[in-house]
Each structure stands twice: as C-alpha cells, then as structure tokens.
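Below is one structure, written out as structure tokens; comments come after it.
Quick note: the coordinates plus some simple rules give every number you see, no bench work behind them. Please read these numbers as outputs of a predicted model, since none were measured by experiment. Virtual Cβ from ideal backbone geometry, glycine too; neighbours counted across all protein chains shown.
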Amino acid sequence: MRGTRGMAGTLALVCALVGFTNAHAFGLSGGGVRLGYLDPEASDGGVLIGGHLEFEKPDSYWHIRPNLLYWNGDPLSGFDINLDVLRHFGPQARTTPYLGAGLGADAVKAEGGGSSTDLGVNLFGGVMFPAGGNHVFAEARYTFSEANQASIALGYTFHSH
C-alpha cells in the first residue's frame, strides 16, 4: 500500500501544478462521481464506485481527469488511482462522444490474503450528455495491468463555471 500512497501524492502534485499554471493552460472546472460494473480478468465482476476531478483548457476539447476507483469482485477487490486524458468531439453543450487514455496504479487484494500494486494503462471511450451546466456520461474502459480490468460506468460531472 505504501506505493499506492506515493502514487496518490504524485497525482495530487501533478493536479496542483496543472491547475495553477498560466491562463492558457488547464484549469479545474469541476468534479464528479461514477457508478458501474468492473470485471477483472482473474475474478468475477462486481460494483465499481469512483470520483474524479475535471481539468479543462479554455477553447479546447481536451480534458485531464484524475480519478479514484474502488471495485469489489469475487475473490478480488481493488483500488485504482488514474491520471487520464480525454478528447471530446463536439461542444459540451451538446451530446458528444469522447476517447481517452491514461496511466494508473492498481492495488489489488485477494479475498484469502495477498495483495499487489501494479502500474496500468487505461483506454476508454464514452458519450457526454449535457445536464444544465453539468454533464452525465456513459463510459467503457479497459485497463491493462497485472489484473486486466474491463468496466462500464455511468457518471455525473458538476462544473464550477
């Protein structure tokens, strides 16, 4: 778990640096939650819950989305810390698809004992739906790591502007 805490600290530092650079860089625009289903390759699937921050660059379709995910399968459960980048293909005021990729640390625990922390690569895509000044999203994700993971989730992002 010590590696997971170090990765969380590094992720927090990266987010702070991204958020406090010049006006033409990425800035914090909101945060949100997600709920879904995750199926790790070596286990039965289970519930996925998570939270994320959303950093946007003005007049750009690019976003940086650091996120934390907890999932509980049988006999494995896990905690993933990710730094993802995504690009949507239309204005957020309309329904628009998006694609993304990222890196993460995946802490996996077996029900009978034993755990591991590995680096993973995330590939994902989804659709954003406007909801007032906020948005709802549906996302499919695959993580390549020691315990490969496929997931689907619904989420909500609250925007601060």
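Projecting the Cα positions of TYR61, GLN149, LEU83 onto the charge dipole of the stretch 38-160 (unit charges on Cβ atoms of Lys, Arg, Asp and Glu, taken about the Cα centre) puts TYR61 furthest along the positive direction. Of the trypsin sites (Lys or Arg not before Pro) in the stretch 74-119, the ones in a loop by DSSP (not H, G, I, E or B) with at most 16 other beta carbons within 10 Å are ARG94. The three principal axes of the C-alpha atoms in the stretch 40-124 carry coordinate ranges of 50, 21, 18 Å, sorted with the longest axis first. Semi-axes of the equivalent ellipsoid for the stretch 103-145, computed as √(5λ) from the eigenvalues of its C-alpha gyration tensor and ordered from largest down, come to 31, 13, 9 Å.
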